[in-house]
Amino acid sequence: MSAPQTPPDRPRLPWDPPEHFEKRVPDGDNRERLVCGRCEFIHYQNPKVVAGAVCTWKDQILLAKRAIEPRKGFWTLPAGYMELGETTEQAAQREALEEACATIEIDRLLAMYSVARIGQVQIMYRARLVTADIACGIESEEVALVDWADIPWDQLAFPTVVWALAHFHESRDKTDFSTYSNPTGDLARMWPPRKPAGV
């Protein structure tokens, strides 16, 4: 049983647990949790859900250059954390609007990726832009509609962006396909980012 410690090289942050919480295995559980030493309340820490989309206008793909960390200055697909009270489809639409001032229509589910090392589940859709009108949102330095041949593969922000683009390419002419998940082989090791073989 141990109280979580704030690292000595930084002040306490708002999301640090209160000092009266301790790490221990609650009765009937099988892993360490943060438990209130006063009332036994258990603070569960669960993965975050990210929703986004590969958005197209005709044959071009919407990309946004990140204006915030992590990976500021690198290109990504519109995506972000879900808010309470919205569906994954609504979250993907909101993120496209926030990051690229883009209005999109969801086509279908493309992929669901588990990113266990950072506690995320990423849900990606195929979507169409309603119009070609796009502009930088507050989290973007630049937005662009790019041809497939012009995707800046070595400047993509995250492995899951590479995966989603590769899976989109594989399914782009299909109306019926199985939802993609974490890739294996070379695509799974696509870091630093680069154009996958055969894409």
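The values are calculated or read from the model by the stated rules, or taken from the named source; none is laboratory data. If you're wondering where the values come from, they're calculated on a predicted model, not measured in any experiment. As a convention, Cβ positions derive from the backbone with ideal geometry for all residues, glycine included, and neighbour counts pool all protein chains shown.
Which one of the conditions (1) surrounded by 14 or more Cβ atoms within 10 Å (Cβ to Cβ); (2) in contact with a Pro (Cβ under 8 Å, 6 or more places away or on another chain); (3) farther than 20 Å from residue 157 by Cα does residue 120 fail to meet, given that it meets all the rest?
(3)
Would it be correct to say that residue 195 is touching a residue at least 40 places away in the same chain (Cβ under 8 Å) and basic (Lys, Arg)? Spell out how you get there, then give the answer.
Values: touching a residue at least 40 places away in the same chain (Cβ under 8 Å): yes; basic (Lys, Arg): yes.
Yes: the conditions hold for residue 195.
Any idea which of 34, 97, 109, 77 is modelled with pLDDT of 95 or more and touching a Phe, Trp or Tyr at 6+ places or on another chain (Cβ under 8 Å)?
Numbers: 34 fails: modelled with pLDDT of 95 or more; 97 fails: touching a Phe, Trp or Tyr at 6+ places or on another chain (Cβ under 8 Å); 77 fails: touching a Phe, Trp or Tyr at 6+ places or on another chain (Cβ under 8 Å).
When all the criteria are applied, what remains is 109.
Every residue in the stretch 120-143 that is touching a helix residue (DSSP H, G or I) at 6+ places or on another chain (Cβ under 9 Å) and either of a type in the set (Ser, Thr, Tyr) or assigned to a strand (DSSP E or B) (or both), please. Before the answer, list the steps.
Within the stretch 120-143, the first condition is being touching a helix residue (DSSP H, G or I) at 6+ places or on another chain (Cβ under 9 Å), and the residues that meet it are 120, 122-127, 129, 134-140, 143.
Result: 120, 122, 123, 124, 125, 126, 127, 129, 140, 143.
Could you say whether any residue in the stretch 108-117 is of a type in the set (Lys, Arg) and surrounded by 15 or more Cβ atoms within 10 Å (Cβ to Cβ)?
Step one: filter the stretch 108-117 for residues of a type in the set (Lys, Arg), giving 108, 117.
Pick out the ones that are also surrounded by 15 or more Cβ atoms within 10 Å (Cβ to Cβ) and you get none.
No, that holds for no residue.
Is it true that some residue in the stretch 94-105 is surrounded by fewer than 19 Cβ atoms within 10 Å (Cβ to Cβ) and either in a strand (DSSP E or B) or under 12 Å from the mean Cα position of the chain (by Cα) (or both)?
Step one: filter the stretch 94-105 for residues surrounded by fewer than 19 Cβ atoms within 10 Å (Cβ to Cβ), giving 94, 97-98, 101, 103, 105.
Now drop any that are not either in a strand (DSSP E or B) or under 12 Å from the mean Cα position of the chain (by Cα) (or both), which leaves 105.
Within the stretch 94-105, one or more residues are surrounded by fewer than 19 Cβ atoms within 10 Å (Cβ to Cβ) and either in a strand (DSSP E or B) or under 12 Å from the mean Cα position of the chain (by Cα) (or both).
Looking at the stretch 67-80, which of its residues are over 19 Å from residue 101 (Cβ atoms) and not small (Gly, Ala, Ser)?
Start the filter on the stretch 67-80 by keeping residues that are over 19 Å from residue 101 (Cβ atoms), which leaves 69-74.
Correct list: 69, 70, 71, 72, 74.
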